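Report on the following structure.
The values are calculated or read from the model by the stated rules, or taken from the named source; none is laboratory data. From a predicted model like this one, the values you see are computed outputs, not experimental measurements. Neighbour counts are summed over all protein chains in view; Cβ atoms, including those assigned to glycine, are modelled from backbone coordinates with ideal geometry.
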């Protein structure tokens, strides 16, 4: 694989505390910012971000939309649906599709850095290890133009550990193939 690789860092903490240009909301296709990470972002950003997202709905799984960052320090919130309707259980493949869509939009809009929470692991019901594997695989496969850094951030220590394990596993596989 030639071309630039994205720098990946893993952080335990709030998505609202990382130093990036844009943050990702694991959304639903209706754009409704309800609970979980979406609720945290909505409370910090203000209701106008929720309204901006809803105006752009429906947002198919596998695509993403951009809203302002509202009252947060971020230039934008990228809403990448993992589920068609709020509070649905989902397949792990939806996590990969949403991650790819978020990366593609961040890159297309010229952002150098983006933060992504655990996707699909809340009401979506995807196991931490499965979500982490899907996310890391999608990030490793992505060939960026502008995007340089992806910060994987979650308050849940189990999600953080799952990302660290998935990163170790992919690094081992890559070294073994050379």
Study note, to complete from the structure: Within region 157-173, the count of residues that are touching a strand residue (DSSP E or B) at 6+ places or on another chain (Cβ under 9 Å) and either in contact (Cβ under 8 Å) with a residue 60 or more places away in the chain or more than 26 Å from residue 40 (Cα to Cα) (or both) comes to 5
Study note, to complete from the structure: Per the filter on region 137-156, residues surrounded by fewer than 16 Cβ atoms within 10 Å (Cβ to Cβ) and in a helix (DSSP H, G or I) are 141
Exercise for review: May I ask you to say which residue of 35, 31 is under 18 Å from residue 159 (Cα atoms) and touching a residue at least 40 places away in the same chain (Cβ under 8 Å)?
Suggested key: 35
Exercise for review: Those residues that are surrounded by fewer than 17 Cβ atoms within 10 Å (Cβ to Cβ) and either under 19 Å from residue 85 (Cα atoms) or touching a residue at least 24 places away in the same chain (Cβ under 8 Å) (or both), I need them from region 38-53; list them, please.
Suggested key: 39, 46, 51
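Conditions (1) at pLDDT below 95; (2) closer than 22 Å to residue 34 by Cα; (3) buried (at least 23 other Cβ atoms within 10 Å of the Cβ); (4) over 14 Å from the mean Cα position of the chain (by Cα), marked per residue:
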site	(1), (2), (3), (4)
82	no, yes, yes, no
87	yes, yes, no, yes
110	no, no, no, yes
115	no, yes, yes, no
130	no, no, no, yes
Revision key, fill the gap. In region 36-58, anything more than 15 Å from residue 68 (Cβ to Cβ) and outside any helix (DSSP H, G or I) is listed as 57, 58
Practice item. Being within 13 Å of the chain's Cα centre (by Cα) and assigned to a strand (DSSP E or B) is the filter; apply it to region 10-35 and report the residue that is surrounded by the fewest Cβ atoms within 10 Å (Cβ to Cβ). Key: 10
Practice item. Taking the options 134, 119, 159, name whichever one is assigned to a helix (DSSP H, G or I), in contact with a helix residue (DSSP H, G or I) (Cβ under 7 Å, 6 or more places away or on another chain) and within 20 Å of residue 14 (Cα to Cα). Key: 159
